[in-house]
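The values are calculated or read from the model by the stated rules, or taken from the named source; none is laboratory data. Computed from a predicted model, the values in this text were never measured in an experiment. We place every Cβ from the backbone using ideal geometry, glycine too, and count neighbours over all the protein chains shown.
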Amino acid sequence: MAQQEVLLKVENVKKHFNVGGGTLKAVDGLSFDLYKGETLGLVGESGCGKSTAGRAVLRLYEPTEGKVTFDGVDVYSLPKKKLKELRKQMQIVFQDPYASLNPRMTVEDIIGEALDIHKLAKGPARHKRIVELLNLVGLSEEHASRFPHEFSGGQRQRVGIARALAVEPKFIVCDEPISALDVSIQAQVVNLLKQLQNEMGLTYLFIAHDLSMVKYISDRILVMYLGQMMELAESEELNDNPLHPYTQFLLSAVPIPDPGVEKNRDRIRVEGEIPSPIDPPNLCPFCTRCPKVHDKCKQSRPEWKEVKPNHYIACHLFD
Ligand SMILES: Nc1ncnc2c1ncn2[C@@H]1O[C@H](COP(=O)(O)OP(=O)(O)OP(=O)(O)O)[C@@H](O)[C@H]1O
Ligand SMILES: [Mg+2]
């Protein structure tokens, strides 16, 4: 387990969007601490607000409400110029490396741009640093003059990681960095991220929509649903002892590689569509699909509480 020194403190962060039909509550009250050197997995189905949460934490979106403290600095009240400096320490790696890398720029320019923005290196030192970064992510000097389309998906994601590392960040939001990759390549990129974390003491918020890979890289896992926190626990505890019916459903959807086990196990059936995040009623967001729903769930929103040491949940079954 990572050191218990808090690097990032997130308190009741909300990000609402005004859309035609009302208020879309993409993130509606997120609170967690991230310890130095740890990986927190952020998991939930598509549209539950993971990317919005990642961006709000980095203030790539202006928040609707809440507070984020990074290494003692109040991120949301920083003036723009100071925020730019802080960006050196907080980076993001995106899901689709093809869409997030400019196709008309060489790898040298893509990584160099990050160095230029923060005036980190010029001339020969700049090239030397770019080669260093390429080596760090398992690429070599000859890749510097190439364009994004000349790479495979996994290699492109390595370029995206090198770009994030260029400014020597302490914290990286990894927004589904492996979801667009072949399964065989996913493990390689996860291993690279782990190795870099060990070497550089990095802290990650690792976003994914299913639990299969997240459990290998995360120290703790936070499960989100419709902009809200459902469950938070250490990775092993969450996998062995999921308490929230939504987490149980997510875990039952993870395929098991052994076909014998896969065929014989029970999958939890969850009926119904995910409700709209626009003007949601103030009750348990999962109540429309939950197999264990009871009256209380349709009357009020469950409180966030610690039900075992370091195991938190928002569910009326644990009132
Ligand atoms: N700029 C925006 N304006 C309006 N609504 C938005 C905006 N960005 C996101 N949303 C909405 O907020 C909700 C959460 O979106 P978000 O992209 O954060 O989900 P996600 O969990 O990252 O999904 P995915 O797994 O598909 O990436 C969705 O309903 C989405 O339509
Ligand atoms: Mg997303």
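Below, the figures for the structure above:
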read-out	value
Which listed residue, of 44, 22, 29, is within 23 Å of residue 94 (Cβ to Cβ) and touching a strand residue (DSSP E or B) at 6+ places or on another chain (Cβ under 8 Å)	44
Where residue 152 falls short, out of the listed (1) modelled with pLDDT of 95 or more; (2) out of contact with any strand residue (DSSP E or B) (no Cβ under 8 Å at 6 or more places or on another chain)	(1)
Residue within the range 117-125 that is touching an Asp or Glu at 6+ places or on another chain (Cβ under 9 Å) and outside any loop (DSSP other than H, G, I, E, B) present	no
The range 35-70, subset out of contact with any helix residue (DSSP H, G or I) (no Cβ under 9 Å at 6 or more places or on another chain) and among the hydrophobic types (A, V, I, L, M, F, W, C), residue nearest to ligand 1 (Cβ to nearest atom)	48
Candidates 216, 225 - the one that is touching a residue at least 12 places away in the same chain (Cβ under 8 Å) and either among the hydrophobic types (A, V, I, L, M, F, W, C) or away from ligand 1 (no atom under 16 Å from the Cβ) (or both)	216
Those helices (runs of 4 or more DSSP H) lying entirely in the range 166-240 with at least 3 residues surrounded by 18 or more Cβ atoms within 10 Å (Cβ to Cβ), within 14 Å of the chain's Cα centre (by Cα) and of a type outside the set (S, T, N, Q)	211-217
